[in-house]
Amino acid sequence: MADTPQTIVITGASDGIGAVAARELAAAGHHVVMVGRSPEKTYAVARAAGIADVHLADFTHLDEVRRLAGEVRERYPRIDVLANNAGGIFTGPTRTDDGFEKTFQVNHLAPFLLTHHLIDRLLDSRALVVNTASIAARMFSALDLDDLNTWTRFTPNRAYGNAKLAGILFARGLTTHYAARGLTAISFHPGVVATSFASDTTSPLRWLYHTVMKGFLVSPEQGGENLRRFLDPAHRDDWRSGTYYDPAGRQSRTTPVAGDLRVIDEHWRRSSAMLGLTWP
């Protein structure tokens, strides 16, 4: 398997660690499918990397996610790896046209919806799903199952922490439902990477990412290498489904609630109900 080129779909591939991972995996001979929000940035990265397969979608609009899923299903009969990498921290609370809080929608509901619409392809390929999570789940989350959007007591950090916790819970929910059918789903923290992250927020994290402190962060190349390691089919057998990993690929600790089977199941159920989804 490791010697055969794989089809790898990467969201959030127009910038930061997604762009680096896409470039490196394409250079290794894999069939990389890039997904980005900005046409200019996405196509520029694709041209530089020699990547022909590019799709555009703004995750603040779920109709664009549905369109994206349709395009991917039509063009690629096999998907070996899906990287749910797009995300960000935002000022808010901001209600999207779909009626959800922007941070929660972009970081969780959009990849949840995309994965649902591709699940048959993923199962047929016995694929790997990798969710880019964050240490913010442990540092900032305060989960309220009755307020998954974090409308109440909103702060950018808490909303982001809750959304990144959702990605960890989602990987564990996928494991519960589909590991027996060959799917592997993991989540990981890529490191505190010096990218454009936090540029659209009042969070104190903006000070960390966009001042002199930026020099102490992990470079996009290092963060992208971390992501590439998780996506590279050569390492597929290194990952245990449902596990949360640190940047070095070691099983890591996150908030205790992420291991609560009742919470995992209820978060899955409520996320599905929000989007009107029934999983096969």
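Taking the conditions (1) in a helix (DSSP H, G or I); (2) among the hydroxyl-bearing types (Ser, Thr, Tyr); (3) under 26 Å from GLY161 (Cα atoms) in turn, SER14 satisfies each one other than (1). Counting only residues that are outside any strand (DSSP E or B) and either touching a Cys at 6+ places or on another chain (Cβ under 7 Å) or farther than 18 Å from LEU68 by Cβ (or both), segment 126-142 holds 11 of them.
Let's see how each residue does on (1) of a type in the set (D, E, K, R); (2) in a strand (DSSP E or B); (3) at pLDDT 90 or above:
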{"site": "THR176", "(1), (2), (3)": "no, no, yes"}
{"site": "ALA179", "(1), (2), (3)": "no, no, yes"}
{"site": "SER196", "(1), (2), (3)": "no, no, no"}
{"site": "SER199", "(1), (2), (3)": "no, no, no"}
{"site": "THR202", "(1), (2), (3)": "no, no, no"}
{"site": "ARG206", "(1), (2), (3)": "yes, no, no"}
{"site": "GLN222", "(1), (2), (3)": "no, no, no"}
{"site": "ARG228", "(1), (2), (3)": "yes, no, yes"}
{"site": "GLY242", "(1), (2), (3)": "no, no, yes"}
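The condition (being part of a helix (DSSP H, G or I) and surrounded by 15 or more Cβ atoms within 10 Å (Cβ to Cβ)) is satisfied by just one residue among VAL72, VAL32: VAL72. Determine which single condition VAL81 fails, assuming it passes every other condition in (1) surrounded by fewer than 24 Cβ atoms within 10 Å (Cβ to Cβ); (2) touching a Leu at 6+ places or on another chain (Cβ under 6 Å). In the conditions (1) surrounded by fewer than 24 Cβ atoms within 10 Å (Cβ to Cβ); (2) touching a Leu at 6+ places or on another chain (Cβ under 6 Å), VAL81 misses (1) alone.
Comparison of LEU113, LEU122, LEU109 shows that the only residue that is touching a residue at least 12 places away in the same chain (Cβ under 8 Å), in a helix (DSSP H, G or I), closer than 22 Å to ARG228 by Cα and open to solvent by less than 30 Å² (accessible area, probe 1.4 Å) is LEU122. Contact map, segment 175-188: residues that are aliphatic (A, V, I, L, M) paired with residues that are open to solvent by 40 Å² or more (accessible area, probe 1.4 Å), Cβ distance under 9 Å, separation 6+ or inter-chain. Pairs shown: LEU183/ARG126; LEU183/HIS177; ALA185/ARG172; ALA185/ALA179; ILE186/ARG240.
On the basis of being over 24 Å from ARG229 (Cα atoms), out of contact with any Leu (no Cβ under 7 Å at 6 or more places or on another chain) and open to solvent by less than 20 Å² (accessible area, probe 1.4 Å), does PHE104 make the cut? It is false that PHE104 is over 24 Å from ARG229 (Cα atoms), out of contact with any Leu (no Cβ under 7 Å at 6 or more places or on another chain) and open to solvent by less than 20 Å² (accessible area, probe 1.4 Å).
The values are calculated or read from the model by the stated rules, or taken from the named source; none is laboratory data. Please read these numbers as outputs of a predicted model, since none were measured by experiment. Methodologically, a virtual Cβ is constructed for each residue, glycine included, from the backbone with ideal geometry; neighbour enumeration extends over all protein chains shown. To get the accessible areas, we keep the full protein, side chains included, count just its heavy atoms, and leave off ligands, DNA and RNA. Shrake-Rupley method; radii C 1.70, N 1.55, O 1.52, S 1.80 Å.
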